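**Student:** Can you keep this structure in mind? I'll have questions shortly.
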Amino acid sequence: MLCSDAGLLSNIVASQDAAHAPYGGVVPEIAARAHMSKIDAIIDRAVQDSGLTYSDLTGIAATSGPGLIGGVITGLMAAKGLALSLNKPLIAINHLEGHAVSPRLTEDCAFPYLLLLVSGGHSQLLSVNGLGDYTRLGSTIDDAAGEAFDKTAKVMGLGFPGGPNVERWAAKGDDHAVKLPRPLLDRDSCDFSFAGLKTAVARAYVASDGSDTAKANLAASFQRAIADCLNDRVARAMTQFAEGRDGPYRFVVAGGVAANATLRDGLKSVAAERGFDAIFPPLRFCGDNAAMIAQAGLERLQAGHVDPLNAPARPRWPLDAEAAKQAPASGAGRKGPKS
Ligand code: KG4
Ligand code: ZN
C-alpha cells in the first residue's frame, strides 16, 4: 500500500522459496496454487497494516504480466474483483516497469536513467526515458543472469534460490581457479548470453573432485565470469546512453541479482569511471515486491492512466516499444519479448 503523501504504508512479501526448494527451481503449478491460497489473507493484512480501510483506497494496481501465468491471473483477478466491488480504478502494471521505477520509492531518481534489470527471469539494459517510455539497449539471448545462478547452485547442490548460496560459497573460493567462458564479451552490442557459461559450470563440476574447495572455487569463478560480462555490457550501454545527452547521468541496478555485493562493487566502479551516479534500490525493493508495483500504479494514476476491467493477463509483455512491435504481446517463442 503506497500513499502519495504518507509514503509506503505496507509491503508484504510472501516467499514461496521453501515450497520450490526441493525441486531446485520454480515449479509453475506450485507457484499458482501458492498464490491462490495466500492472496486474500495478504490483501486483508496489507489493508490492516496500513491503518486504512478498503474504501480509503484511490486505485488498485496489480501486475498483469509478464510472468508465470497462474500467479499473474490470480493477482490480476483479485485486483479486478476489488476494483469492481469498491468502484475504484484498476491499473494493470507491467512487472518490469515495477522494477524500472523501484529506485523512485526511496530516491529522487529523475528520468532519464540507464537501467540494468537482472532477475531470475530477465536480464536487460534499458534507457528509462520516462514513465512508459523505454528503449531497450540489450537483453539476454538465452538465460537470465539469476537463472544462471540458480542452475549453478543446482548442479553443485548448494540449495535454492541459487543466488545467495552461490554468493556465500564464492566468498570462500578463488575466482581465478576455474577457467570459464565470458559469452559475447567484446561483441559490439549490449546483449547477454549465459547458457554457455551454465553448461561450462556443469562440465567443470563433473570434472572436479566435488570437494568443498572445488565448489567454492567454481562458485567464485562463475561469479567472476558473470561480473565480467555485466561490467563489459554496462560500460558499452553507458556510452550509448550518454550519446547526444547531457549529464548528470544516472545508472540504476534492479532485480534480485542486484543483491549480490560482488556484482554491485564491480558495477559501482564501472559507473564511477564513466561519470554515472550508481543507484541501487534497498535490498527489500530489489527482489520482487508489492511496493514497486504500487509505485508504478501511483505514477500511472497520477499521469491519468487507468485500465479496463477486461485488461488481459500476459505471459509475455516487452517493455520497450520496438520489441513489442516485433512480436505479439503474449505467447511469443523462447527468444520472444519475455527476455
Ligand atoms: O527479481 P527476483 O526476486 O524475481 C524475479 O523476477 O525473477 O529475482 C530472483 C533471482 C533468483 O534467480 C535469485 O537466485 C537471484 O535473483 N538472486 C541473486 C542473489 N539474491 C537473489 N543472485 C545473485 N546473488 C544474490 N545475492
Ligand atoms: Zn521480478
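**Student:** If you scan the stretch 64-76, which residues turn out to be away from ligand 2 (no atom under 12 Å from the Cβ) and without any contact (Cβ under 8 Å) to a residue 60 or more places away in the chain?
**Tutor:** Those that are away from ligand 2 (no atom under 12 Å from the Cβ) and without any contact (Cβ under 8 Å) to a residue 60 or more places away in the chain: GLY70, THR74, GLY75.
**Student:** Of all residues being within 14 Å of ligand 2 (Cβ to nearest atom) and assigned to a helix (DSSP H, G or I) in the stretch 284-309, which is surrounded by the fewest Cβ atoms within 10 Å (Cβ to Cβ)? Just the residue, please.
**Tutor:** ARG284
**Student:** I need the full set of residues from the stretch 233-273 which are within 16 Å of ligand 2 (Cβ to nearest atom) and under 17 Å from THR140 (Cα atoms), in order please.
**Tutor:** Within the stretch 233-273, VAL253, ALA254, GLY255, GLY256, VAL257, ALA258 qualify.
**Student:** Do we have GLY138 as in contact with a Cys (Cβ under 9 Å, 6 or more places away or on another chain), at pLDDT 95 or above and either buried (at least 17 other Cβ atoms within 10 Å of the Cβ) or among the basic types (Lys, Arg) (or both) here?
**Tutor:** yes
**Student:** Can you find even one residue in the stretch 280-290 that is within 12 Å of ligand 1 (Cβ to nearest atom), charged (D, E, K, R) and within 14 Å of THR106 (Cβ to Cβ)?
**Tutor:** yes
**Student:** Same structure again: Cβ-Cβ under 7 Å, sequence separation 6+ or interchain: first residue in the stretch 272-294 and on the phi > 0 side of the Ramachandran plot, partner open to solvent by 30 Å² or more (accessible area, probe 1.4 Å). Which pairs?
**Tutor:** GLY275/GLY247; GLY275/TYR249
**Student:** For the stretch 98-127, which positions are more than 13 Å from PHE285 (Cα to Cα), in contact (Cβ under 8 Å) with a residue 24 or more places away in the chain and away from ligand 1 (no atom under 12 Å from the Cβ)?
**Tutor:** Matches in the stretch 98-127: CYS109, ALA110, PRO112, TYR113, LEU114, LEU115, LEU116, LEU125, LEU126, SER127.
**Student:** Then there is this: Checking the condition over 30 Å from ALA202 (Cβ atoms), within 16 Å of ligand 2 (Cβ to nearest atom), touching an Asp or Glu at 6+ places or on another chain (Cβ under 7 Å) and not assigned by TED's automatic domain parsing to the domain that holds HIS305, which residue from LEU126, LEU131, LEU115, LEU105 passes?
**Tutor:** So the residue among LEU126, LEU131, LEU115, LEU105 that is over 30 Å from ALA202 (Cβ atoms), within 16 Å of ligand 2 (Cβ to nearest atom), touching an Asp or Glu at 6+ places or on another chain (Cβ under 7 Å) and not assigned by TED's automatic domain parsing to the domain that holds HIS305 is LEU126.
**Student:** So, in the stretch 164-181, of the ones that are within 20 Å of GLN16 (Cα to Cα) and open to solvent by 20 Å² or more (accessible area, probe 1.4 Å), which residue ends up nearest to ligand 1 (Cβ to nearest atom)?
**Tutor:** That would be PRO164.
**Student:** Let me ask another. Which count do you get for residues in the stretch 201-248 that are open to solvent by 60 Å² or more (accessible area, probe 1.4 Å) and part of a helix (DSSP H, G or I)? I'd like the intermediate steps shown before the answer.
**Tutor:** First, pick out the residues of the stretch 201-248 that are open to solvent by 60 Å² or more (accessible area, probe 1.4 Å): 203, 206-207, 209, 212-213, 224, 236, 239-240, 243-246, 248.
This time we only want the ones that are part of a helix (DSSP H, G or I), so: 203, 206-207, 212-213, 224, 236, 239-240.
Qualifying residue count for the region: 9.
**Student:** If the requirement is being small (Gly, Ala, Ser), at pLDDT 95 or above and open to solvent by 70 Å² or more (accessible area, probe 1.4 Å), which of these qualifies: SER64, SER55?
**Tutor:** On inspection, the qualifying residue turns out to be SER55.
**Student:** Quick check on my filter: what residues within the stretch 7-31 are surrounded by 17 or more Cβ atoms within 10 Å (Cβ to Cβ) and either outside the structural domain of LEU301 (by TED's automatic domain parsing) or assigned to a helix (DSSP H, G or I) (or both)?
**Tutor:** HIS20, ALA31 - these are the residues of the stretch 7-31 that are surrounded by 17 or more Cβ atoms within 10 Å (Cβ to Cβ) and either outside the structural domain of LEU301 (by TED's automatic domain parsing) or assigned to a helix (DSSP H, G or I) (or both).
The values are calculated or read from the model by the stated rules, or taken from the named source; none is laboratory data. Computed from a prediction, not measured in an experiment: that's the story for all the values here. When we count neighbours, we look across all protein chains shown, and the Cβ atoms used for this are built from the backbone with ideal geometry, even at glycine. What goes into the accessible areas is simple: the full protein's heavy atoms, side chains included, and nothing from ligands, DNA or RNA. Shrake-Rupley method; radii C 1.70, N 1.55, O 1.52, S 1.80 Å.
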